[in-house]
Amino acid sequence: MAPVPEKEFTEAEVAEHNKVDDCWLIIGNENTGGPKVYDVTTYLDDHPGGAEVMLDVAGKDADEFFEDIGHSNDARDELKKHLIGVLKLTEEEKEKRRLAAGKKSGGDGGGGMGMIAVAVAIAGIGYYYYKQSVDSSE
């Protein structure tokens with residue numbers, strides 16, 4: 001028997017579930033099997049951090065928030081109990097998420113530090129030539 005395909009939800013559909021009596025979250029990324037949709041309505045009162053933290057991201061993509069907290073394996077197991085489907089993404093949306101994830105993880109090649117190193121090198125070279133011209137004019 002073939003596995004039952006997971007139900008797909010759009011971001012617009014998930015966004016409609018943003019209340020204390022109807023609370024859905026999008027959690028997941030490329031590294032964790034893709035964005036999934038969870039109905040956490042019945043778990044709000046049991047959440048150790050309180051219902052309010054979940055309601056702040058209700059109906060939205062809460063993956064970054066979820067991962068930044070550093071949830072335990074027990075929390076991840078609890079989350080699985082509330083899985084109702086996956087986030088339906090167009091190819092364009094998938095690429096947009098992939099690029100955003102790359103930027104957050106420093107996938108831009110460390111351009112910030114590289115620019116600082118170039119600026120310091122240019123300043124050093126400029127100072128050297130300035131000093132040379134001052135010394136030769138004396």
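For the reader, a short list of remarks on this structure follows.
- For the chain, a Gaussian network of Cα nodes joined below 10 Å ranks HIS47, HIS17, HIS82 by mean-square fluctuation, and the top entry is HIS47.
- Here the Kirkwood formula puts the hydrodynamic radius of segment 1-79 at 13.1 Å, using every distinct Cα pair.
- Per residue accessible area of the chain, 1.4 Å probe, in Å²: 71
- Reported label for calculated Cα extents along the principal axes in Å given (i) 36, 34, 25; (ii) 86, 36, 28; (iii) 47, 27, 22: (ii)
- Degrees between helix 91-104 axis and first principal axis of the chain (Cα, 0 to 90, nearest 10): 50
- Carbon/sulfur fraction of accessible area - the chain, other protein chains in place, 1.4 Å, %: 57
- Secondary structure note: in the chain, about 75% of the DSSP beta bridges are antiparallel.
- Helix-only CD estimate at 222 nm, as mean residue ellipticity for the chain, using -39500 (n - 2.57) per DSSP H run (n ≥ 4): -14500 deg cm²/dmol
- Over 23 Å (Cα to Cα) - which of LYS60/LYS81; LYS81/LYS104; LYS60/LYS80 fall in this group: LYS81/LYS104
- For segment 1-81, the list of trypsin sites (Lys or Arg not before Pro) that fall in a loop by DSSP and count at most 11 other C-beta atoms within 10 angstrom reads LYS7, LYS81.
- With a threshold of 19 Å on the Cα-Cα distance, the over-threshold entries among LYS7/LYS96; LYS36/LYS88; LYS36/LYS94 are LYS7/LYS96.
The values are calculated or read from the model by the stated rules, or taken from the named source; none is laboratory data. Keep in mind it's a predicted model, so treat the numbers as computed, not measured. With ideal geometry, Cβ positions are generated from the backbone for all residues, glycine too; neighbour counts draw on all protein chains shown. Calculation scope for accessible area: heavy atoms of the full protein, side chains included, ligands and nucleic acids excluded. Shrake-Rupley method; radii C 1.70, N 1.55, O 1.52, S 1.80 Å.
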